[in-house]
């Protein structure tokens, strides 16, 4: 019995849990947010109106596609009729935004406040959970994420005197959030390389076949 225990292979050490992706998609999104932030700073009022009209145009185009699909459909069930009604309403909202872009601009503080706030919270989680494993200046990303959340709360409260100033602050906040995201992604990549070099021989355990588990469970029930 003692010989059998000694012959067992030692347990393989597990590396710390890290994201499975290298964050390329997230970096691209951050770059887009950075560019939007610059546009809002340079053309605060015009950019907000243009963005609202672009959103309205996309809503109209999507609705037209859904209506064409409905018309070309040979068999129509109640769900498709309901989808048609929703598409018509969606198109109406899109046209309203194109004609009256100021209507949505006044809600930009709520929309961007929530979006940037959630983005900042995700940055805090990424910095503490993953980026800090790279060591060094990982805490810079944490501080910048906290600043982004604070700016998001400020945008949501909207204490600014003019819509132009609000758009500029939103632009600055988008830039801070984007730079924070890129910084955290790069630190996470560094942490991934450090962990990969520290655990070069680690092989994830095989995922058990669900059918085998099911058969094993049925055998236990029969007993």
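No lab work stands behind these numbers, since they all come straight from the coordinates. Only a predicted model underlies this, so the values are computations on that prediction, with no experimental measurement involved. Virtual Cβ from ideal backbone geometry, glycine too; neighbours counted across all protein chains shown.
Using the per-residue mean of other Cβ atoms lying within 10 Å as a proxy for protection, in what order, highest first, do the peptides 171-179, 51-59, 116-124 fall?
171-179, 116-124, 51-59
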Item to check | Pair-distance profile P(r), taking every C-alpha pair of the range 20-197, with 5 angstrom steps and integer % | outcome: 1, 9, 13, 15, 13, 12, 11, 10, 8, 5, 3, 1, 0
Checklist entry - Each label point is 7 Å from the Cα along the Cα-to-Cβ direction; what then is the distance between the points at residue 150 and residue 28, in nm? => result 3.4
Checklist entry - Taking 0.36 nm per intervening residue step and subtracting the Cα-Cα distance, what contour gain separates residue 46 from residue 125 on full extension? => result 25.0 nm
